[in-house]
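What follows draws every value from the coordinates through simple rules; no lab data is involved. Bear in mind that the values here come from a model prediction, so they are computed numbers and not experimental data. Because the Cβ atoms are built from the backbone with ideal geometry, glycine has one as well, and the counts that use them run over all protein chains shown.
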Amino acid sequence: MNPKTDMFRNRLVKVYRHLSKQAKRLQVSCYRLYDHDLPEFPLCIELYGDKVYVAEYKRRHGMTDEEHDHWMEQSLHIIAEVTDTASENIYLKLRQRKPGRLGQYQKQAGDKDEIIVEENGLKFIVNLTDYLDTGLFLDHRSTREMVRQQSAGKSVLNLFAYTGSFSVYAASGQAAEVVTVDLSKTYLHWAERNMQLNGFTDSGRYRFIHADVKQYLTSLPPESFDLIIMDPPTFSNSKRMTDILDIQRDHPLLINQCLAALRKGGQLYFSNNARTFVLDTKNIRAATCKDITRLTTPFDFEGKLARWCFLITKE
């Protein structure tokens, strides 16, 4: 018996028993089970229906390749046993600790194993093999539902849209118009597929724009939208961008540009995952800036959420 692996097994049994009950009660099939809960097991474990996604955080573990392989085999065996998942339905990735979100996706060698999952009655394409992240940020599950509840009859703009999950929720909430903007053609096409998967195919109401958000915001006519979602990376120096994005430095300008594009009383959901982020309220021209981080924290991220979320309202 290995005390460390026993400790990992006991921890996993405890959290799985607790979280699976909540997931079942809330009819959630995709949720985070474990995220580096124990220092000796730096793993992120997420469930997507009957499949398990395991990401190992890169660190100096001091093991030889053979020792590491044995450690990983033991860990995967425990995960399979506790979650009652067949080994062929467990997907493993090495996850680099890099700042931001959209700057961290690196293409992985794989077989493009896409599946369709459901969340709150909506369908999403998830890829468990080709990228370090799966295509659905589970930590914004509650935020997406808030957007759906507020979208009826509104013009909605989704910036840094990634695979368009917020756009799908807005369309489901009977938005009059949904505009989805991203710099990556790959993710923009993915977003369009997600919209089509849910039956949102009207090209007049649902538009997809390939653009650098910093440049796109300067071209928007004033008072064009009622609701904006902006979830940018912490930092990005993509060659496709005309300028470097540093969210701590740049967020007042980006937020004020969004406020200019909002109609009177319009709202901006602004989120980022910079651990030391401080909202510069002095330089933001808004009626109110409400921190809704705790309000938008799902059950599977309580106590370990490393992102911020604000609801910013225009006068």
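Please list 219-229, 257-267, 278-288 highest first by mean number of surrounding beta-carbon atoms within 10 Å per residue. It would help to have the intermediate numbers written out before the result.
Numbers: 219-229: 17.2, 257-267: 19.2, 278-288: 13.5.
Result, highest mean first: 257-267, 219-229, 278-288.
Once a ≥ b ≥ c are taken as the square roots of the eigenvalues of the Cα gyration tensor of the chain, is the result rounded (a/c under 1.5), prolate (a/b larger than b/c) or oblate (a/b not larger than b/c)? Intermediate results must be reported in sequence, preceding the final value.
Numbers: a/c = 1.89, a/b = 1.71, b/c = 1.10.
Since a/c reaches 1.5 and a/b is larger than b/c, the shape of the chain is classed as prolate.
Scanning the chain for long hydrophobic helices, with DSSP H runs required to stretch 15 angstrom or more by C-alpha along their axis and to average at least 0.0 on the Kyte-Doolittle scale, returns 247-261. Please label the shape of the stretch 132-313 as rounded, prolate or oblate, based on the square roots a ≥ b ≥ c of the eigenvalues of the alpha-carbon gyration tensor (a/c under 1.5 means rounded; beyond that, a/b larger than b/c means prolate, else oblate). The shape class here is rounded. Each label was represented as a point 7 Å from its Cα along the Cα-to-Cβ direction; for Asp69 and Val13 these points are 3.0 nm apart.
Convert 4 °C to kelvin, take the viscosity as 1.567 mPa s, use the Kirkwood radius over C-alpha pairs of the stretch 3-97 as Rh, and evaluate the Stokes-Einstein diffusion coefficient in µm²/s, rounded to a whole number. Working shown, then result.
On the way: Rh = 13.7 Å.
The calculation lands on 94 µm²/s.
Using packing as a proxy for protection, rank 66-73, 157-164 so that the peptide with the highest average count of other Cβ atoms within 10 Å comes first. Mind showing how you got there, number by number?
Working: 66-73: 12.2, 157-164: 27.1.
Highest to lowest by the protection proxy: 157-164, 66-73.
What relative contact order, as a whole-number percentage, does the chain give when Cα pairs under 8 Å and 6 or more residues apart are counted? The value is 13 percent. For Phe41, no residue whose modelled amide H falls within less than 5 Å of its own remains once neighbours fewer than 5 places apart on the same chain are excluded. Each of Lys93, Lys21 was scored by other Cβ atoms within 10 Å of its Cβ. Arranged with the fewest first, they read Lys21, Lys93. The calculated 222 nm mean residue ellipticity attributable to helices in the chain amounts to -9500 deg cm²/dmol, summing -39500 (n - 2.57) over DSSP H runs of n ≥ 4 and dividing by all residues.
By count of other Cβ within 10 Å, fewest leading, how are Asp250, Asp300, Asp50 ordered?
On the way: Asp250 15, Asp300 25, Asp50 12.
Going from least to most buried by this count: Asp50, Asp250, Asp300.
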